[in-house]
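Data first, discussion second: the structure below is written as structure tokens.
Derivation of every value follows stated rules applied to the coordinates shown; laboratory data play no part. All figures in this text were calculated on a predicted structure; none of them were measured in a lab. Using ideal geometry, Cβ is built from the backbone for each residue, glycine included, and neighbour counts are taken over all protein chains shown.
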Amino acid sequence: MAGAFAGWWAKMSPYYTKAYQEMWVGVGVMTFLYYKVSYGGKKAAVDSSAHAVKSAPSHTAKPATSAAPKAAAAAAAAATATSLAVAAGDVTMSDILQRQHKNLVLEERKLYLEIEKLELEKAKLKSMK
């Protein structure tokens, strides 16, 4: 298997080391962001254990008299879990994608403005001739 990789790397190394050098910075940044979003670092792993809700053993729990208290308790637990996640400052993949989309839209607007500017300069130069 190592021989197959060595043969492949001998052929492909110019592409990965010379032609696409700037790509590796992006790979590193995206890897770091993925790690931070997925695991949050050691501090978040330690902090999340403090937020864990421990339930009572099933043999000591009292049965609910109706479905309404169960639904209310489930809603309260969900609200608490949501508020803990928001309070901890968790960044979701959706947040990252929304920010990237906003940045792309802004970049697109900048490019359109640059194109308009160049077209105006072109028209100005034509009128000077």
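For the pair THR92 and THR17, what calculated FRET efficiency results from E = 1/(1 + (r/R0)^6), where r is the Cβ-Cβ distance and R0 = 22 Å, to the nearest 0.05?
In this case the efficiency is close to 0.05.
How many nm separate the modelled label positions at MET128 and ASN103, each set 7 Å beyond the Cα in the direction of the Cβ?
3.8
So what's the net charge close to GLY28: Lys and Arg +1, Asp and Glu -1, counting the other residues with Cβ under 15 Å from its Cβ?
Spelling it out: positives minus negatives among the neighbours equals 0.
From the phi of every residue in the stretch 10-24, what ³J(HN,Hα) in whole Hz does the Karplus formula 6.51 cos²θ - 1.76 cosθ + 1.60 yield, where θ is phi - 60° and glycine or proline is x?
Each residue of the stretch 10-24 in turn: 4, 7, 9, 4, x, 5, 7, 9, 10, 6, 10, 4, 5, 5, 5 Hz.
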